[in-house]
Amino acid sequence: MIKVSPFVMVIFGATGDLTSRKLMPALFHLTQQGYLPDRFFIVGFARRNFTKEQFRQMMKEAVEKVLRLKIKDSSQDLKIWKQIENNLYYQQGYFEEKSPYDNLIPLLSSFDKETGSCITRFFYLATPPSNYSIILKNLEETELAEGCGSPFASTSAKASAGEKASGDKQGFTRKWTRVLIEKPFGKDLNEAKNLEEQLAKTFEERQIYRIDHYLAKETVRNILAFRFANTVEAIWNRDFIDHVQITLSESSGIGNRGKFYEGMGALKDVVQNHLMAMLAYTAMEEPLSMTAQHTRDKRVEVLDKIRCMTEEDVLSNAVRGQYGAGIINGKSIDGYRQEKNVSPDSLNETFVALKLYIDNSRWQDVPFYLRTGKRLNQDFTKIDIFFKNRDSRLFKQFQIGNQAANIISIRIQPKEGITFRFFAKSPGFTYDLSTVNMDFSYSTAFKKEIIDSYEKILIDSMMADQTLFATAKGFSATWEFITSVISGWEKQTLPVFPNYKAGSTGPVEADAMIERDGRKWMF
Ligand SMILES: NC(=O)c1ccc[n+]([C@@H]2O[C@H](COP(=O)([O-])OP(=O)(O)OC[C@H]3O[C@@H](n4cnc5c(N)ncnc54)[C@H](OP(=O)(O)O)[C@@H]3O)[C@@H](O)[C@H]2O)c1
């Protein structure tokens with residue numbers, strides 16, 4: 001059974017959406033499952049003025065809302081919640097100010113004293129990325145990043161930790177601190193590089209946990225099991241695969257994230273990370289082992305082989321879109337330009353469709369079609385592997401045009417599972433063929449719940465396992481590709497936005513892009 005050592009987690013941006021919807025429910029569930037130690041501390045850091053009690057109440061309500069439970073007196077849930085609540089603190093302050101960080105120094109040291117050891121300090125950057133740099137700077141300058149080995153910490157706690165200090169920088173150890181950074185990791189290649197440089201000044205690589213929660217999704221991780229534990233891997237290549245489609249389709253809009261999304265767009269917000277994470281698992285070579293180094297190396301290797309787009313490529317293989325007003329589930333929906341904190345003549349994209357190639361022997365000339373959009377007609381994330389049709393002499397007459405017979409569809413969400421489409425003989429005296437589906441569904445095959453990706457992220461970071469975290473090289477490779485698309489777009493005439501209706505399947509140009517190749521999007 002996994003058991004984590006005592007720790008403190010400082011969450012920068014603790015009153016935000018991510019903390020309420022993901023982090024707190026994950027911490028509650030992990031406590032409920034008995035994975036967390038008896039002693040752990042959570043310190044929320046954010047701008048608004050809350051007392052510790054108000055913050056605790058806010059977090060309790062968040063847990064109740066997300067986990068759909070009511071924490072009642074004398075219930076087991078209350079016992080679990082109390083275990084968290086009693087260790088929940090709040091530090092009000094602006095990230096730009098020094099004093100709130102200074103206030104953290106004695107608070108964090110008091111936890112070391114209380115537990116009698118140098119407990120691991122986690123700094124979780126759960127804020128919009130524009131704040132990362134100033135937070136890192138202040139962590140460095142206040143030496144909070146140094147952890148228990150800092151000159152501010154009690155020497156007795158340091159001594160009682162019983163671990164050998166790594167002995168870097170003035171002899172202070174950095175052994176007991178880790179930083180977790182949310183995606184998007186910068187806004188372009190330059191920003192990502194600057195952020196890496198800044199991180200490297202303060203932390204060693206083994207302390208840095210770059211989060212892309214898609215890497216930690218059960219169904220995405222299952223791609224490795226499906227491919228490499230099965231014989232299907234023998235046909236997972238250009239000889240047998242015609243093309244691959246990766247889709248992340250959302251019916252939701254941007255919610256209250258207008259300000260953030262305006263400077264971002266779909267390409268940087270999800271293609272650079274989530275779609276690339278799915279692509280990496282789909283296309284990577286088999287790692288030597290499940291160790292962090294081997295799996296991360298293989299993910300990076302394939303991302304590095306994605307062919308950057310030329311200006312001409314972008315013109316024909318990179319479609320962008322923005323939603324206008326429309327109807328979803330019978331409800332009228334505003335266009336993107338009417339959303340809160342969005343410019344009325346915004347040219348930000350809320351939809352992207354790309355065709356890209358991977359330059360290696362496994363995937364040469366196999367197109368990968370990537371698609372994502374907001375305010376589309378459906379919510380699903382899926383990877384469809386289209387196999388080449390078999391040139392069967394026996395059944396030649398039954399091949400219907402270019403229709404792909406064999407498709408493996410990996411459903412990341414919802415209805416998590418895998419479908420295999422193939423030709424079958426229709427019942428009857430003659431050989432009539434129809435395509436049918438063979439289905440694996442997590443909910444029927446396993447009696448266990450799928451682990452939430454944020455629970456996995458938290459546990460893995462606590463266990464110092466970096467396997468499911470992104471690397472600087474991986475992000476650099478994907479940013480290079482993304483930058484080539486952006487450069488191409490910048491040279492094109494400006495798009496006429498909006499170009500798709502809320503509740504539709506996206507702009508017609510995206511259909512035209514794939515149909516030019518004699519293929520169709522899979523829904
Ligand atoms: N939300 C999700 O589901 C989700 C999923 C995956 C990744 N992410 C990533 O997670 C990060 C956080 O997203 P979010 O949706 O939680 O953001 P959010 O709702 O906008 O929350 C921002 C948080 O940062 C605080 N903050 C902002 N500026 C500050 C300042 N100058 N000083 C002190 N505090 C400041 C806010 O405090 P106040 O409330 O006090 O203003 C709030 O706690 C982003 O990088 C996002 O891309 C989010």
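Any chance you could count the Lys pairs in region 422-523 whose alpha carbons are under 23 Å apart, treating pairs 8 or more apart or on different chains as valid? Walk me through the numbers on the way to the answer.
Values: 447/456; 448/456; 456/473; 501/520.
Final tally of qualifying lysine pairs is 4.
When the scattering of the chain is computed by the Debye formula from its Cα atoms alone, each counted once and equally, what is log10 I(q)/I(0) at q = 0.13 Å⁻¹?
The computed values of log10 I(q)/I(0) come out as -1.37.
Mind running the shape call on region 1-137? Use the C-alpha gyration tensor, a ≥ b ≥ c as the square roots of the eigenvalues: rounded below 1.5 for a/c, prolate if a/b tops b/c, oblate otherwise. Please report the intermediate quantities before stating the final value.
Numbers: a/c = 1.78, a/b = 1.29, b/c = 1.38.
The shape class here is oblate.
Compute the orientation-averaged projected area for region 343-399 from the convex hull of its Cα atoms and round it to one decimal in nm². Present the calculation step by step, with values, prior to reporting the outcome.
Details: hull surface 30.3 nm².
Directional mean of the projected Cα hull area for region 343-399 stands at 7.6 nm².
Return the whole-Å distance between the Cα centroid of region 290-337 and the Cα centroid of region 1-26.
29 Å
Using only C-alpha atoms and all pairs of different ones, pull out the Kirkwood radius for region 276-355 in Å with one decimal.
Values: mean 1/r = 0.0619 Å⁻¹.
After inverting the pairwise mean of 1/r, the radius is 16.1 Å.
In deg cm²/dmol, rounded to 500, what helix-only [θ] at 222 nm does the chain give when every DSSP H run of at least 4 residues adds -39500 (n - 2.57) and the total is split over its residues? Kindly include the intermediate steps, with their values, before the conclusion.
Numbers: 16 runs with 167 residues, N = 523.
Dividing the helical sum by the residues of the chain leaves -9500 deg cm²/dmol.
With a 1.4 Å probe and every protein chain left in place, tell me how much accessible area residue 456 has, in Å² to the nearest 10.
Using a 1.4 Å probe on the heavy atoms, I get roughly 50 Å².
Sorted from largest down, give the three principal axis spans of the alpha carbons of region 328-447, whole angstrom values.
63, 40, 31
Using the beta-carbon distance between residue 198 and residue 341 and R0 = 35 Å, what value does 1/(1 + (r/R0)^6) give for FRET efficiency, to the nearest 0.05?
Working from the Cβ atoms, E equals 0.80.
The values are calculated or read from the model by the stated rules, or taken from the named source; none is laboratory data. Note that the coordinates shown come from a computational prediction; the quantities given were computed from them, not determined experimentally. Note that we place each Cβ from the backbone using ideal geometry, even for glycine, and neighbour counts take in every protein chain shown. We work out accessible area using only protein heavy atoms, side chains counted, and drop any ligands, DNA or RNA first. Shrake-Rupley method; radii C 1.70, N 1.55, O 1.52, S 1.80 Å.
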